[in-house]
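Participant: Please see the structure below; I have some questions.
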Amino acid sequence: MKFFVVVVCCMAGMVSYGQSVKVSGEVLTPLTLTAADLMAMPRATATAKDKQGTPHDFSGVALSEIFAKAGVTTGKQLRGENLAKYLLVTCADNYQVVFSLAELDSSFTDRVVILADQVEGKPLPAGTGPFRLIVPGEKKPARNCFQVVSLSIRFAKD
Amino acid sequence: MFFFRYIFFIVAAGAIVSSGFAPSGGGASGPTQSGSAGSGPTPYPLKYPAYFGNRVNLREDNPLTVEGVALGRYLFYEKRLSRNNTVSCSGCHQQARAFTDGRAFSLGFDGVQTRRNSMSLTNLLWVRQFFWDGRVGSLEEQAVVPLTDAHEMGQTLEGSADKLRGDARYRRLFAAAFGGDSEGGQGGKVVTGERIVKALAQFERTLISSDARYDRYIRGDYQLTASERRGLDLFFGSAGCGRCHGGPKIFNETYHNNGLDRVFKDSGRAMVTKMAYDRGRFRSVTLRNVELTAPYMHDGRFGSLPEVIDHYNEHVEASNTLSPSLRDTAQRPIRLGLTAVEKKDLLAFLHTLTDSTFITDPRFSEPKF
């Protein structure tokens with residue numbers, strides 16, 4: 001019985017911890033976004049195909065909204081040395097991908113990349129959620145990465 | 001054309017690195033090979049193929065030096081670093097086995113088994129998180145764990161330093177590597193626990209394997225057999241192995257639940273992250289020299305490579321945290337369905353990753369005083 005209680009507590013502990021995305025680096029306000037935080041922000045949608053080529057509708061929050069909340073240089077501020085900034089996305093399995101900030105900015109592109117928390121109106125399936133990136137219009141889905149845990153804005157320093 | 005490009009990069013890398021320039025890697029720390037004009041230790045000339053890339057894990061506070069690496073090599077084989085002077089790092093990390101020990105679980109100084117399988121020490125320069133669960137970010141931090149673990153080597157760093165301080169040869173080696181006067185009554189400052197760990201880390205960073213048949217193939221010096229070629233195509237293609245063991249290093253630093261169990265005896269990376277979705281997830285290891293590193297997996301459950309291939313072919317188990325790479329769109333475990341010939345081809349390719357130069361390199365063997 002004691003063992004059972006301990007196990008349940010441990011599992012509860014695990015669940016309550018993690019489900020968040022850290023936004024850090026070259027930001028004015030570092031954030032730790034939970035599922036509830038994302039639901040309270042302006043929502044956006046994007047479409048991506050699965051392995052079979054079937055399109056699915058994802059919803060979540062545009063990265064540009066997250067950047068605005070965290071105080072990342074966007075729009076008119078995205079000039080000069082700020083164009084040497086990039087976003088490093090890290091996933092739970094330690095998979096990492098980068099975007100230059102210009103790739104994600106509405107003054108440069110109409111493409112809206114979202115941090116998705118739902119597919120077809122439901123939470124993302126185990127293994128890909130709770131949060132994943134959806135990058136519309138790319139030939140390879142390699143940056144639609146699963147289980148995002150960190151969005152880190154950095155300067156290219158070389 | 002493909003091959004010529006690589007040859008050029010290799011030559012260029014050799015020239016750059018041996019002239020004292022250190023490639024700056026990912027992460028906050030930059031180049032660390034600052035030269036020491038005049039006296040002091042000599043920067044260690046790191047050499048590796050350009051196709052490995054420069055995302056290396058060097059430490060600004062522990063630059064690689066010839067003297068530091070030499071000391072680290074002595075320490076790696078030093079049994080006095082264990083409580084009863086019976087076990088050295090090399091006990092569980094034997095060069096002939098690509099620095100593993102052939103056991104499912106290793107035995108510490110007191111004969112008690114470790115919790116996980118001894119990891120191969122290969123191309124650690126490109127590793128940024130260590131252990132099966134990635135719990136530390138440097139080889140310096142990593143080395144402290146087996147040295148001081150109650151059942152592995154069982155001795156405090158200070159206890160180890162005390163033992164070595166009485167040996168004039170070590171006092172000289174430490175002074176050469178890190179400075180100080182070995183004979184001037186400064187034994188305590190010359191031989192320290194921190195320096196033990198730093199020297200071990202330096203030596204380990206030099207354990208570079210880049211002369212397997214697969215490397216020679218990349219460089220255009222070796223023609224794969226038909227079976228090896230088919231195996232390579234499977235590995236990087238339909239069998240999907242390269243997704244987690246990809247690139248010329250045959251290593252991506254990622255963590256996956258590869259479907260070993262439905263219920264986890266060892267929760268793996270979740271112990272580090274406290275995240276439910278990391279339960280049963282472990283490092284996807286480098287497959288360089290994989291022919292030599294049996295038994296396989298974090299618990300050494302598979303005694304041979306055919307058993308490992310059989311696992312991915314037929315026995316991947318479903319669970320909540322199973323890697324998405326091993327699920328189909330209906331979320332069921334993928335089973336590869338390879339034929340007997342395809343399995344043999346895959347095995348033939350895995351054997352091209354064996355680097356006999358690495359396992360016989362005298363720079364990595366037990367040194368004699």
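Participant: Would you tally the residues in region A:36-59 being surrounded by 16 or more Cβ atoms within 10 Å (Cβ to Cβ) and small (Gly, Ala, Ser)?
Facilitator: Number of matching residues: 4.
Participant: Among the helices (runs of 4 or more DSSP H) confined wholly to region B:175-279, which include 3 or more residues that are farther than 26 Å from A:Ala126 by Cβ and of a type in the set (A, V, I, L, M)? Give the steps one after another, and end with the answer.
Facilitator: Details: elements: B:187-190, B:193-205, B:213-219, B:226-236, B:270-273.
Here the list reads B:193-205, B:226-236.
Participant: For region B:311-344, which residues satisfy the criterion of being within 27 Å of B:Arg103 (Cα to Cα), in a helix (DSSP H, G or I) and either within 14 Å of another protein chain (Cβ to nearest Cβ) or more than 25 Å from the chain's Cα centre (by Cα) (or both)?
Facilitator: Of all residues in region B:311-344, those within 27 Å of B:Arg103 (Cα to Cα) come to B:311-317, B:322-323, B:343-344.
Imposing the further condition that a residue be in a helix (DSSP H, G or I) reduces the set to B:311-315, B:343-344.
Hits for region B:311-344 are B:Asn313, B:Glu314, B:His315, B:Lys343, B:Lys344.
Participant: For region A:107-124, give me each residue that is without any contact (Cβ under 8 Å) to a residue 12 or more places away in the chain and in contact with a helix residue (DSSP H, G or I) (Cβ under 9 Å, 6 or more places away or on another chain).
Facilitator: A:Thr109, A:Pro123
Participant: Let me ask something else. Could you pull out the residue among B:Arg115, B:Arg83 that is surrounded by fewer than 18 Cβ atoms within 10 Å (Cβ to Cβ) and of a type in the set (Lys, Arg)? Quick ask: steps written out before the conclusion?
Facilitator: Values: B:Arg83 fails: surrounded by fewer than 18 Cβ atoms within 10 Å (Cβ to Cβ).
Result: B:Arg115 is the single residue among B:Arg115, B:Arg83 that is surrounded by fewer than 18 Cβ atoms within 10 Å (Cβ to Cβ) and of a type in the set (Lys, Arg).
Participant: So, one more: Among the residues of region A:125-144, count how many are out of contact with any helix residue (DSSP H, G or I) (no Cβ under 7 Å at 6 or more places or on another chain), assigned to a loop (DSSP other than H, G, I, E, B), touching a residue at least 60 places away in the same chain (Cβ under 8 Å) and within 12 Å of chain B (Cβ to nearest Cβ). Talk me through it step by step, then tell me what you get.
Facilitator: Narrowing region A:125-144 to residues out of contact with any helix residue (DSSP H, G or I) (no Cβ under 7 Å at 6 or more places or on another chain): A:125-126, A:129, A:131-132, A:134, A:136-144.
Filter once more, so that each one left must be assigned to a loop (DSSP other than H, G, I, E, B): A:125-126, A:129, A:131, A:136-140, A:144.
Restricting the remaining residues to those that are touching a residue at least 60 places away in the same chain (Cβ under 8 Å) gives A:131, A:136, A:144.
So of that shortlist, the ones also within 12 Å of chain B (Cβ to nearest Cβ) come out as A:131, A:144.
Qualifying residue count for the region: 2.
Participant: Okay, next question. Within region A:111-123, can one find any residue that is within 11 Å of another protein chain (Cβ to nearest Cβ) and in contact with a strand residue (DSSP E or B) (Cβ under 7 Å, 6 or more places away or on another chain)?
Facilitator: Here is the first cut: in region A:111-123, the ones within 11 Å of another protein chain (Cβ to nearest Cβ) are none.
Looking through region A:111-123, none of the residues is within 11 Å of another protein chain (Cβ to nearest Cβ) and in contact with a strand residue (DSSP E or B) (Cβ under 7 Å, 6 or more places away or on another chain).
Participant: Condition first: more than 9 Å from chain A (Cβ to nearest Cβ) and of a type outside the set (Val, Ile, Thr). Now tell me which residues in region B:245-256 satisfy that.
Facilitator: First, pick out the residues of region B:245-256 that are more than 9 Å from chain A (Cβ to nearest Cβ): B:245-251.
Matches in region B:245-256: B:His245, B:Gly246, B:Gly247, B:Pro248, B:Lys249, B:Phe251.
Participant: Every residue in region B:269-289 that is of a type in the set (A, V, I, L, M) and within 8 Å of chain A (Cβ to nearest Cβ), please. Steps first, please.
Facilitator: Taking region B:269-289 first, the residues of a type in the set (A, V, I, L, M) are B:270-272, B:275-276, B:285, B:287.
Passing the criteria: B:Ala270, B:Met275, B:Ala276.
Participant: Out of the residues in region B:129-159 that are of a type in the set (Phe, Trp, Tyr) and in a loop (DSSP other than H, G, I, E, B), state the one that is surrounded by the most Cβ atoms within 10 Å (Cβ to Cβ).
Facilitator: To start, the set of residues in region B:129-159 that are of a type in the set (Phe, Trp, Tyr) comprises B:130-132.
With the extra rule that they be in a loop (DSSP other than H, G, I, E, B), the set shrinks to B:131-132.
Details: B:Phe131: 17, B:Trp132: 21.
Out of the qualifying residues, it is B:Trp132.
Participant: Taking the conditions exactly as written (over 23 Å from the mean Cα position of the chain (by Cα), more than 18 Å from B:Gly68 (Cβ to Cβ) and surrounded by fewer than 20 Cβ atoms within 10 Å (Cβ to Cβ)), does B:Asp162 satisfy them or not? Step through it out loud before you land on a result.
Facilitator: Working: over 23 Å from the mean Cα position of the chain (by Cα): yes; more than 18 Å from B:Gly68 (Cβ to Cβ): yes; surrounded by fewer than 20 Cβ atoms within 10 Å (Cβ to Cβ): yes.
For B:Asp162, the condition - over 23 Å from the mean Cα position of the chain (by Cα), more than 18 Å from B:Gly68 (Cβ to Cβ) and surrounded by fewer than 20 Cβ atoms within 10 Å (Cβ to Cβ) - is met.
Participant: Given the criteria touching a Pro at 6+ places or on another chain (Cβ under 9 Å), buried (at least 16 other Cβ atoms within 10 Å of the Cβ), within 14 Å of chain B (Cβ to nearest Cβ) and not acidic (Asp, Glu), does A:Gln147 qualify?
Facilitator: Criteria met by A:Gln147.
Participant: Do we find that B:Phe236 is under 26 Å from A:Ala92 (Cβ atoms) and either out of contact with any Ser or Thr (no Cβ under 9 Å at 6 or more places or on another chain) or more than 14 Å from chain A (Cβ to nearest Cβ) (or both) in this structure? Explain how you work it out, then say what you get.
Facilitator: Details: under 26 Å from A:Ala92 (Cβ atoms): yes; either out of contact with any Ser or Thr (no Cβ under 9 Å at 6 or more places or on another chain) or more than 14 Å from chain A (Cβ to nearest Cβ) (or both): yes.
Yes; evaluated as a whole, the condition is true for this residue.
Participant: Next question, about the same structure. Here are B:Ala226, B:Ala239, B:Ala168: which of them is outside the structural domain of B:Pro146 (by TED's automatic domain parsing), of a type in the set (A, V, I, L, M) and surrounded by fewer than 17 Cβ atoms within 10 Å (Cβ to Cβ)? Outline the logic, then answer.
Facilitator: On the way: B:Ala239 fails: surrounded by fewer than 17 Cβ atoms within 10 Å (Cβ to Cβ); B:Ala168 fails: outside the structural domain of B:Pro146 (by TED's automatic domain parsing).
Unique residue meeting the criteria: B:Ala226.
The values are calculated or read from the model by the stated rules, or taken from the named source; none is laboratory data. Just so we're clear, the structure is a prediction, and the values are computed from it rather than from any experiment. Every residue, glycine among them, receives a Cβ derived from its backbone with ideal geometry; neighbour counts consider all protein chains shown.
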